[in-house]
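What follows is a short report on a single structure.
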Amino acid sequence: MDSPHPGLKVSIDDHVAELVIANPPVNALDVAGWFALAELLTTLGRRPDVHVVVLRAEGRGFQAGVDLKEMQRAEDHGPLVGANRGCYAAFEAVYACEVPVIAAVHGYCLGGGIGLVGNADLIVASEDATFGLPEVDRGALGAATHLARLVPQHRMRAMVYTCEPATAAELHAWGSVLQVVPREALRDAALAVARKLAAKPNRVLRLAKESLNGIDPVDVRRSYRFEQGFTFELNLLGEGDRARDAFVKGER
């Protein structure tokens, strides 16, 4: 199966699809990348030969959010609006994918990575995996909706305010990470879980996903969109631009 973006790779084997983020140096995605990720997840979920999707990454870490340099190169807010809409589409595509999505996380999982993983059905992580939202330090807000699906409420608030990450071991203790394994065993561990699910009756598995989404206590679509409004407000106030400039220049 062809990928619409060079930073994304996809393959299908024995009813398990692997969708791999491979966009060095840190797997941050530009606007086109977020929309391509959403397109691939939606397409894979609709294929009758796909029973499970494994979302993983190559390189130093899982995913580092949006491409801030793309925003700062622009003369208008086009990339900012595009990134917000693209992230919304990608997070929604994980959540609404017609089959279960297993996130396999290694290294850092930051910003947009939290949105992807927080909306996944199951999470397998390597021992070196960390999960964090540096948004406050970047003059932005968002994905606390998804972080709240991974950690307890007060820890989520502390992580948002301080921008300090949590470890895979902590998330495993809270029950949001299914397994923690050595980094070199991550892909095999995620695929083993995927094959276990893929062996279930496909029609039943798909309806199970739909039914579980239907009883969620929080509407992640509305909640995340609410958060995004404050990011736009911070940009109107100039906070976002100042923080992104400092980051791109290496001051933060």
Residue selected from segment 152-180 under the condition touching a Ser or Thr at 6+ places or on another chain (Cβ under 8 Å) and surrounded by fewer than 19 Cβ atoms within 10 Å (Cβ to Cβ), by the criterion nearest to residue 127 (Cα to Cα): 167
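How do the helices (runs of 4 or more DSSP H) wholly within segment 96-191 filter down when requiring 1 or more residues that are farther than 27 Å from residue 71 by Cβ and of a type in the set (A, V, I, L, M, F, W, C): which remain?
Working: elements: 112-118, 144-147, 153-162, 168-174.
Correct list: 153-162, 168-174.
This table checks each residue for (1) more than 18 Å from residue 125 (Cβ to Cβ); (2) surrounded by 23 or more Cβ atoms within 10 Å (Cβ to Cβ); (3) of a type in the set (A, V, I, L, M).
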site	(1), (2), (3)
55	no, yes, yes
74	yes, no, yes
104	no, yes, yes
107	no, no, no
Counted residues, segment 182-200 - those being under 20 Å from the mean Cα position of the chain (by Cα) and surrounded by 19 or more Cβ atoms within 10 Å (Cβ to Cβ): 7
Residue match in segment 211-224 (condition: surrounded by 13 or more Cβ atoms within 10 Å (Cβ to Cβ), out of contact with any His (no Cβ under 8 Å at 6 or more places or on another chain) and acidic (Asp, Glu)): no
Top-ranked residue in segment 32-75 [being aliphatic (A, V, I, L, M) and in a loop (DSSP other than H, G, I, E, B); ranked as modelled with the lowest pLDDT]: 74
Positions within segment 55-83 being in contact (Cβ under 8 Å) with a residue 24 or more places away in the chain and basic (Lys, Arg), in sequence order: 56, 60, 69
Failed criterion for residue 78 (all others in (1) surrounded by fewer than 19 Cβ atoms within 10 Å (Cβ to Cβ); (2) at pLDDT 95 or above; (3) small (Gly, Ala, Ser) hold): (2)
Candidates 112, 142, 86, 118, filtered to the one that is touching a residue at least 12 places away in the same chain (Cβ under 8 Å), under 26 Å from residue 209 (Cα atoms), crowded, with 22+ Cβ neighbours inside 10 Å and in contact with a Lys or Arg (Cβ under 6 Å, 6 or more places away or on another chain): 118
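Of all residues in segment 1-26, which are in a loop (DSSP other than H, G, I, E, B), closer than 17 Å to residue 61 by Cβ and in contact with a helix residue (DSSP H, G or I) (Cβ under 8 Å, 6 or more places away or on another chain)?
Start the filter on segment 1-26 by keeping residues that are in a loop (DSSP other than H, G, I, E, B), which leaves 1-7, 14-15, 22-26.
Restricting the remaining residues to those that are closer than 17 Å to residue 61 by Cβ gives 7, 22-26.
Correct list: 7, 23.
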Filter result (in contact with an Asp or Glu (Cβ under 8 Å, 6 or more places away or on another chain) and either farther than 14 Å from residue 113 by Cα or touching a residue at least 60 places away in the same chain (Cβ under 8 Å) (or both)) within segment 10-23: 10, 11, 12, 15
Segment 97-109 residues that are more than 23 Å from residue 184 (Cα to Cα), paired with ones that are surrounded by fewer than 24 Cβ atoms within 10 Å (Cβ to Cβ) and among the acidic types (Asp, Glu) (beta carbon under 9 Å, 6 or more apart): 97/121; 98/210; 99/121; 100/121
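The values are calculated or read from the model by the stated rules, or taken from the named source; none is laboratory data. Computed from a predicted structure; not experimentally measured. Every residue, glycine as well, gets a Cβ built from its backbone with ideal geometry; the counts of neighbours run over all protein chains shown.
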